[in-house]
1. Tell me yes or no: at least one residue of the range 255-263 is under 28 Å from the mean Cα position of the chain (by Cα) and under 29 Å from Leu161 (Cα atoms).
2. List the residue pairs whose Cβ atoms are under 9 Å apart, where the first residue sits in the range 281-310 and is surrounded by fewer than 18 Cβ atoms within 10 Å (Cβ to Cβ), the second is in a loop (DSSP other than H, G, I, E, B) and of a type in the set (Val, Ile, Thr), and the two are 6 or more positions apart or on different chains.
3. Would you mind listing the strands (runs of 3 or more DSSP E) fully within the range 1-118 where at least 3 residues are more than 26 Å from the chain's Cα centre (by Cα) and not β-branched (Val, Ile, Thr)?
4. Looking for whichever is among the hydroxyl-bearing types (Ser, Thr, Tyr) and either free of Cβ contacts under 8 Å to residues at least 60 places away in the same chain or farther than 24 Å from Leu156 by Cβ (or both) here; the options are Thr245, Thr255. Which one fits?
5. Which one of these is hydroxyl-bearing (Ser, Thr, Tyr) and in a strand (DSSP E or B): Thr255, Thr308?
6. Within 30 Å of Ala188 (Cβ to Cβ) and touching a Pro at 6+ places or on another chain (Cβ under 9 Å): which single residue out of Val219, Val252, Val236 fits that description?
Amino acid sequence: MRVVLERSNLLKSLNHVHRVVERRNTIPILSNVLLAAEGANLSLKATDLDLEVTETIPAMVERAGSTTVPAHLLYDIVRKLPDGSEVMLKLDEDGNAMTVMAGRSSFRLQCLPQSDFPQLSAGTFTHIFRVEAPAIKGLIDKTQFAISTEETRYYLNGIFLHTHGDQDLKLRAVATDGHRLARSETAAPSGSEGMPGIIVPRKTVSELQKLLDDPETTVTVELSDTKIRFTIGPVVLTSKLIDGTFPDYQRVIPTGNDRKLIIDRQSFASAVDRVSTISSERGRAVKLSIASGQVTLAVNNPDSGSATEELAADYDSDPIEIGFNARYLLDVAAQLSGGDARFMLADAGSPTLIHDASDDDTLYVLMPMRV
């Protein structure tokens with residue numbers, strides 16, 4: 001194998017694939033990236049056995065072939081090479097080492113045979129549809145922060161993706177950690193009808209988010225009960241799905257909350273951020289005292305003191321005092337894009353609904369805290 005290609009192309013591709021590789025691996029081959037040169041292309045592939053990313057880039061292939069080399073090491077080498085340089089990848093005759101050359105720099109990397117590299121068998125995909133990148137990215141961006149990190153409740157460690165509705169079918173994403181819930185939807189693309197409800201793992205969601213940076217791209221989605229594949233330009237991401245049952249999230253979305261609070265999103269987020277400074281713990285509650293025309297935010301910390309701030313608001317129901325995790329309030333506020341946030345409240349012990357005043361397709365549910 002002997003290949004010459006632009007450093008910028010190789011670096012961009014390595015940036016996409018090397019992130020899948022875990023830095024600590026008990027299986028040596030999983031630390032490597034598979035390089036395969038054929039025709040006028042170089043293909044790069046990395047996997048952790050649950051997630052596989054492949055990218056094909058143009059290259060001048062002087063001699064076809066394939067091998068595997070340490071992914072993070074190759075990425076670091078290419079990252080430190082000068083801008084605009086051409087990189088040559090040359091496999092030794094015996095296949096045990098590969099030389100990376102650029103200008104006067106030369107590196108020799110140990111290889112493992114391509115035949116040892118595992119393939120993530122995709123099986124048969126039952127549903128295929130195409131969706132614009134901003135639509136799928138919007139679903140992910142607005143919900144991923146609520147994914148649970150609690151490994152014992154593994155079925156909450158991802159985004160639940162499914163279709164919903166009869167006449168007006170929607171593709172819906174839901175994430176929850178038991179304390180908060182995020183739900184967002186978009187018009188269901190043709191081909192998604194009857195798709196199974198699937199749970200896309202947190203790591204897959206994170207990698208997908210980084211790949212959806214071009215708003216002009218159309219993403220091809222293929223899925224079955226156990227696997228999902230996203231084709232984004234030259235990148236193909238294939239992932240196993242979480243084998244579990246997502247809870248009936250509709251039961252925790254309140255329907256009778258009739259106290260409406262409308263408040264400027266940016267002012268509210270800034271105020272929460274300021275008063276929560278006094279709190280030594282990330283999960284310390286901020287108390288909202290809501291009365292006609294205003295909201296008073298308060299934090300009390302026995303170790304360091306207290307803080308309050310008043311904000312003007314649109315509210316004309318009975319006064320209410322309710323506490324929330326300050327971090328959760330800030331996470332929700334960061335997802336809202338409109339000028340105003342709309343809170344629908346019931347009482348101090350019941351879940352609260354939060355909407356973006358300019359986006360009816362997304363809602364958030366926050367469980368209150370005792371204050």
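1. Checked against the condition, which is being under 28 Å from the mean Cα position of the chain (by Cα) and under 29 Å from Leu161 (Cα atoms), the range 255-263 yields no hits at all.
2. Asn300/Val371
3. 2-6, 32-38, 60-63, 86-91, 97-102, 105-110
4. Testing whether each residue is among the hydroxyl-bearing types (Ser, Thr, Tyr) and either free of Cβ contacts under 8 Å to residues at least 60 places away in the same chain or farther than 24 Å from Leu156 by Cβ (or both) leaves just Thr255.
5. Among Thr255, Thr308, only Thr308 is hydroxyl-bearing (Ser, Thr, Tyr) and in a strand (DSSP E or B).
6. So the residue among Val219, Val252, Val236 that is within 30 Å of Ala188 (Cβ to Cβ) and touching a Pro at 6+ places or on another chain (Cβ under 9 Å) is Val252.
Yes/no matrix, rows are residues, columns are (1) over 18 Å from Gly178 (Cβ atoms); (2) surrounded by 14 or more Cβ atoms within 10 Å (Cβ to Cβ); (3) under 32 Å from the mean Cα position of the chain (by Cα):
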{"position": "Asp318", "(1), (2), (3)": "yes, no, no"}
{"position": "Gly323", "(1), (2), (3)": "no, yes, yes"}
{"position": "Leu336", "(1), (2), (3)": "yes, yes, yes"}
{"position": "Met344", "(1), (2), (3)": "yes, yes, yes"}
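Residue by residue, here is whether (1) surrounded by fewer than 19 Cβ atoms within 10 Å (Cβ to Cβ); (2) of a type in the set (A, V, I, L, M); (3) at pLDDT 95 or above holds:
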{"site": "Val4", "(1), (2), (3)": "yes, yes, yes"}
{"site": "Glu22", "(1), (2), (3)": "yes, no, no"}
{"site": "Asn25", "(1), (2), (3)": "yes, no, no"}
{"site": "Pro28", "(1), (2), (3)": "yes, no, no"}
{"site": "Leu34", "(1), (2), (3)": "no, yes, yes"}
{"site": "Lys45", "(1), (2), (3)": "no, no, yes"}
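The values are calculated or read from the model by the stated rules, or taken from the named source; none is laboratory data. The model shown is predicted, which means the values in this text are computed figures rather than measured ones. Backbone-built Cβ (ideal geometry, glycine too); neighbour counts: all protein chains shown.
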